[in-house]
1. How many residues does region 164-185 hold that are touching a residue at least 60 places away in the same chain (Cβ under 8 Å) and within 23 Å of residue 314 (Cβ to Cβ)?
2. In the set 205, 165, 160, which member is touching a strand residue (DSSP E or B) at 6+ places or on another chain (Cβ under 7 Å) and not assigned by TED's automatic domain parsing to the domain that holds residue 295?
3. Out of all the residues in region 404-418, which are within 23 Å of the chain's Cα centre (by Cα) and surrounded by fewer than 18 Cβ atoms within 10 Å (Cβ to Cβ)?
4. Condition (residue is touching a residue at least 24 places away in the same chain (Cβ under 8 Å) and within 12 Å of the ligand (Cβ to nearest atom)) applied to region 203-212: is it met by at least one residue?
5. When you scan region 423-476 for strands (runs of 3 or more DSSP E) that lie fully inside it, which ones turn up with 1 or more residues that are in contact (Cβ under 8 Å) with a residue 60 or more places away in the chain and within 15 Å of residue 28 (Cβ to Cβ)?
6. For the subset of region 213-237 comprising residues that are part of a loop (DSSP other than H, G, I, E, B) and within 16 Å of the ligand (Cβ to nearest atom), which member is nearest to residue 361 (Cα to Cα)?
7. Name every residue in region 145-194 that is within 24 Å of residue 309 (Cα to Cα) and more than 15 Å from the ligand (Cβ to nearest atom), in order of residue number.
8. Go through region 296-326 and count every residue that is more than 9 Å from the ligand (Cβ to nearest atom) and within 19 Å of the chain's Cα centre (by Cα).
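The values are calculated or read from the model by the stated rules, or taken from the named source; none is laboratory data. From a predicted model like this one, the values you see are computed outputs, not experimental measurements. FYI the Cβ positions are ideal-geometry reconstructions off the backbone, even for glycines, and counts take in every protein chain you see.
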Ligand SMILES: Cc1cc2nc3c(=O)[nH]c(=O)nc-3n(C[C@H](O)[C@H](O)[C@H](O)COP(=O)(O)OP(=O)(O)OC[C@H]3O[C@@H](n4cnc5c(N)ncnc54)[C@H](O)[C@@H]3O)c2cc1C
């Protein structure tokens, strides 16, 4: 064991979650090693949008400008700028019910961004490189054994040793399986496709989302998404053929439209499973490795990015000997994941093509149209309604703080998220007090005081039922 290469943290998987976790650790002063089995980034079709709290986790690390540059402009936004259409912030949908009005939200500015996952991975990879984090491509993790002091990892290029191993290796996570995490949940009922295609006669397909007697379909130029509710794919691993996708489109749409060319395609289903804990000793899970569900509502990336933000600074503290913070990772993030699984199950149920479901959809749609219903669904999908149970009576404590303009004691102004970029905790207050070395005092001119953790979670406010000393000692 003495001759093995040794690391503090090894992250398995350079998807968005593994990359953001690496950046979080790097920001907190710990350089992990990232192992990725693919030699080149995966060019398959993945997320088209990042949900609100995932966006905010990125903005707190200074990715705001990069997200602006990579954002895909929707036709509605182009029309708004040209003065030919309404300005519409992306509010998302619930089971293809497009009744969410972003402007009815408490904080309409907290919304998702149309940034393709491929672009996000490129931006994150570049930042990880700037932080001096090593990403080793073409290395597959094959197995590992953990003991009291660390984990010995077997990879396709040889063994290495690490204090902590994190599986960010996606829905079929080997780390999860080898470590023996339980992964209960519900079995799949849907066969869906998402494909980049060109049709021979595209006018045969109506634009936008449609629920038909055979399923659900949406088509925008160059891209099509289908769902059929009569069982999972017979073979999840079989190569996807053009004929298979074409047949699904024809069945669901009821047209004889034909595909001229297909460049990429994914087959998806609605397995909804979640690890019962995200930590077994020195092995942890984040992102799809910890939870899988259907892509309804586009929430997987949002969930995984906030897992990474929650785990990163706690893992850095564990590397420095404060291991006990790690237990709060499962306690905080597992309930959030469980709620996402539930809402994706509900969305699948609501999309089924039978007339009884149609009746239910009408009622649910009416309820979402009410302002309170609208807020409830929107805050659930975007994640801004998340509140960790930190045992404090103040409703703000445990929530993820929104960005805000602060007036500083010297009269200057600064955005809270900009102040968060370098990591560590923030004590935002006009009052002086002694602080641990990893908490910075943001000296405001006036206004309420609060303590914000490195993951944006409000840990204490003036209205807290617990003392500031308690919060500082607990988290820093
Ligand atoms: C069709 C579709 C549409 C989606 N749309 C959205 C959306 O609009 N919004 C949204 O938020 N989410 C969406 N999602 C979900 C989103 O794509 C996932 O939640 C996201 O990719 C999860 O990221 P991750 O880093 O956890 O895992 P992954 O992206 O799966 O990355 C895991 C990485 O680990 C590597 N790996 C695996 N095993 C090993 C091993 N043994 N050794 C080394 N490396 C390994 C893999 O090669 C991969 O690079 C969609 C998903 C699908 C399928």
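1. Applying the first criterion (touching a residue at least 60 places away in the same chain (Cβ under 8 Å)) to region 164-185 yields 164-171, 173-176, 179-185.
When the remaining residues are screened for being within 23 Å of residue 314 (Cβ to Cβ), the result is 164-170, 173, 175-176, 179-183.
Qualifying residue count, region 164-185: 15.
2. Values: 165 fails: not assigned by TED's automatic domain parsing to the domain that holds residue 295; 160 fails: not assigned by TED's automatic domain parsing to the domain that holds residue 295.
After applying the criteria, what remains is 205.
3. Of the residues in region 404-418, the ones within 23 Å of the chain's Cα centre (by Cα) are 404, 416-418.
Correct list: 404, 418.
4. For region 203-212, residues touching a residue at least 24 places away in the same chain (Cβ under 8 Å) and within 12 Å of the ligand (Cβ to nearest atom): absent.
5. Numbers: elements: 425-429, 439-443, 450-452, 458-461.
By residue number, no strands (runs of 3 or more DSSP E) qualify.
6. Initially, region 213-237 is screened for residues part of a loop (DSSP other than H, G, I, E, B), giving 213-214, 221-222, 229-237.
After this cut, where a residue has to be within 16 Å of the ligand (Cβ to nearest atom) as well, the list is 222, 232-233, 236-237.
Working: 222: 29, 232: 23, 233: 26, 236: 30, 237: 33 Å.
Per the criteria, the residue is 232.
7. As a first pass, look at region 145-194 and keep what is within 24 Å of residue 309 (Cα to Cα): 150-151, 162-177, 179, 181-183.
Within region 145-194, 150, 163, 164, 182 meet the criteria.
8. Total meeting the criteria: 9.
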